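Chemist: Here it is: the structure, laid out below.
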Amino acid sequence: MLLSAGLLMFMGKSVVQAQQIEYPLLYTHSLEQNESKSTWAFAFDNDILVPGSRDQDYTYGMNITYSGSQAGKHWASLHNSLDWLNSKLDIDGLAQPGVSSYKIEYGLFGFTPEDISIATTNQDDRPYASLVYVSSTRESYQPLKNVSWQSTLTLGIMGLDIVGDLQNEVHSMFDGDQARGWDNQISNGGELTARYSLSRQSLIYKSGQGTEIKNTLQGSVGYITEASWSMSLRSGKILSPWVSFNPELTSYGEKSIPNTISRVSEHYFWTGVSVKYRAYNAFLEGQFKDSALTYDDNEINRGIAEAWLGYTAALSNGYSFTYSIRGHTSEINRGIGDRSVIWGGILISRTIS
């Protein structure tokens with residue numbers, strides 16, 4: 001309850017008052033009149049997708065995401081549980097009524113140490129870790145205030161063999177090194193985990209169709225427990241509303257794809273920075289199950305700075321393509337594990353009428 005109360009207090013404050021812009025009512029109309037629209041997206045992350053690639057830290061992730069009004073009614077979603085949590089926390093009262101949109105995501109991702117060729121645990125480097133998950137998101141957009149609230153519930157299993165087996169299968173296809181230490185991963189054999197997150201986005205600047213700047217407050221409780229503030233910018237030929245684009249809400253393999261609006265032709269660069277206080281990270285500290293290697297509180301940097309840069313091209317036929325680079329400062333303060341983390345990602349999506 002203390003964590004929940006602290007999360008609500010944190011999210012209830014706005015840093016900057018958002019200015020009014022010209023398209024919020026058009027966006028509202030588009031959402032309400034196009035309930036049959038949906039977007040499918042596939043995302044793939046890998047540390048080989050950046051210059052000077054290296055096979056370590058957040059090594060890869062992939063997911064499939066479905067966005068649209070029917071996502072909230074999908075039999076395999078977590079939206080009923082998410083709505084129950086939101087009602088208990090009175091999120092609707094905090095966020096006030098808005099235009100709702102829904103997403104559901106299925107994915108997996110994994111972490112490895114620097115030297116994957118040895119089977120024994122390296123006590124000076126990060127542990128192997130993985131997550132297979134399903135995630136449901138609800139967004140409430142308030143067009144007259146240029147504010148959007150987004151809540152997400154993720155349920156997953158850490159420590160399954162599939163993440164390491166898939167990595168090694170791909171490595172064998174391309175004559176890469178086998179990752180031999182997956183038997184030492186956090187929660188090896190499987191352990192249930194979950195995460196609830198809440199964010200408040202607000203537009204602070206818009207210049208015609210060329211540039212947008214917004215900031216975001218976010219908090220989460222679960223396998224990653226943290227509070228963060230971020231500022232992001234996109235610039236180029238922009239036709240989609242600012243609220244449809246939120247890369248600052250990405251968390252490793254868990255993505256945030258654009259909301260379903262319409263088929264538009266646009267292209268833009270985007271970038272941003274975030275500062276976080278990460279109180280807990282199960283991928284380093286473990287959970288209840290014993291693991292071969294975990295880090296203690298005094299061995300972890302709680303303050304983290306993160307940055308990202310990318311380019312998106314959307315076509316009028318509904319397809320969209322994105323390339324991005326992300327990274328953050330070290331979470332570990334000792335040994336060779338004390339290093340910054342960087343990875344690249346690609347995302348392909350299609351909006352269906």
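The values are calculated or read from the model by the stated rules, or taken from the named source; none is laboratory data. Predicted, not measured: the structure shown is a model, and the values here were computed from it. Positions of Cβ are backbone-derived with ideal geometry, glycine not excepted, and every protein chain shown enters the neighbour counts. Accessible surface areas use protein heavy atoms only, side chains included; no ligands, DNA or RNA. Shrake-Rupley method; radii C 1.70, N 1.55, O 1.52, S 1.80 Å.
Chemist: Going through segment 326-337 one residue at a time, which ones are modelled with pLDDT of 95 or more and either open to solvent by 40 Å² or more (accessible area, probe 1.4 Å) or not in a strand (DSSP E or B) (or both)?
Modeler: Answer for segment 326-337, where residues must be modelled with pLDDT of 95 or more and either open to solvent by 40 Å² or more (accessible area, probe 1.4 Å) or not in a strand (DSSP E or B) (or both): 329, 330, 331, 333.
Chemist: Go through (1) in contact with a helix residue (DSSP H, G or I) (Cβ under 7 Å, 6 or more places away or on another chain); (2) of a type outside the set (Gly, Ala, Ser); (3) surrounded by 15 or more Cβ atoms within 10 Å (Cβ to Cβ) for residue 142 and report which single condition fails.
Modeler: Among (1) in contact with a helix residue (DSSP H, G or I) (Cβ under 7 Å, 6 or more places away or on another chain); (2) of a type outside the set (Gly, Ala, Ser); (3) surrounded by 15 or more Cβ atoms within 10 Å (Cβ to Cβ), the lone unmet condition for residue 142 is (1).
Chemist: Moving to a separate point now. Considering each residue of segment 168-181, count those that are in contact with a helix residue (DSSP H, G or I) (Cβ under 9 Å, 6 or more places away or on another chain) and more than 9 Å from residue 116 (Cβ to Cβ), and give that number.
Modeler: 2
Chemist: Has segment 170-178 got any residue that is of a type in the set (D, E, K, R), closer than 30 Å to residue 88 by Cβ and out of contact with any Lys or Arg (no Cβ under 8 Å at 6 or more places or on another chain)?
Modeler: no
Chemist: Go through the residues of segment 114-125 one by one and say whether even a single one is touching a strand residue (DSSP E or B) at 6+ places or on another chain (Cβ under 7 Å) and of a type in the set (A, V, I, L, M).
Modeler: Among the residues of segment 114-125, not one is touching a strand residue (DSSP E or B) at 6+ places or on another chain (Cβ under 7 Å) and of a type in the set (A, V, I, L, M), which makes the answer no.
Chemist: Of the conditions (1) at negative phi; (2) in contact with a Ser or Thr (Cβ under 9 Å, 6 or more places away or on another chain); (3) open to solvent by less than 30 Å² (accessible area, probe 1.4 Å), residue 280 fails just one. Which one is it?
Modeler: Of the numbered conditions (1) at negative phi; (2) in contact with a Ser or Thr (Cβ under 9 Å, 6 or more places away or on another chain); (3) open to solvent by less than 30 Å² (accessible area, probe 1.4 Å), the odd one out for residue 280 is (3).
Chemist: For residues that are surrounded by fewer than 16 Cβ atoms within 10 Å (Cβ to Cβ) and in a loop (DSSP other than H, G, I, E, B), tally how many sit in segment 284-313.
Modeler: Of the residues in that region, 6 qualify.
Chemist: On to the next question. Could you run through segment 152-182 and say how many residues are hydroxyl-bearing (Ser, Thr, Tyr) and surrounded by fewer than 22 Cβ atoms within 10 Å (Cβ to Cβ)?
Modeler: 1
Chemist: Further, regarding this structure: Among the strands (runs of 3 or more DSSP E) contained in segment 197-283, which hold 2 or more residues that are among the aromatic types (Phe, Trp, Tyr)?
Modeler: 266-281
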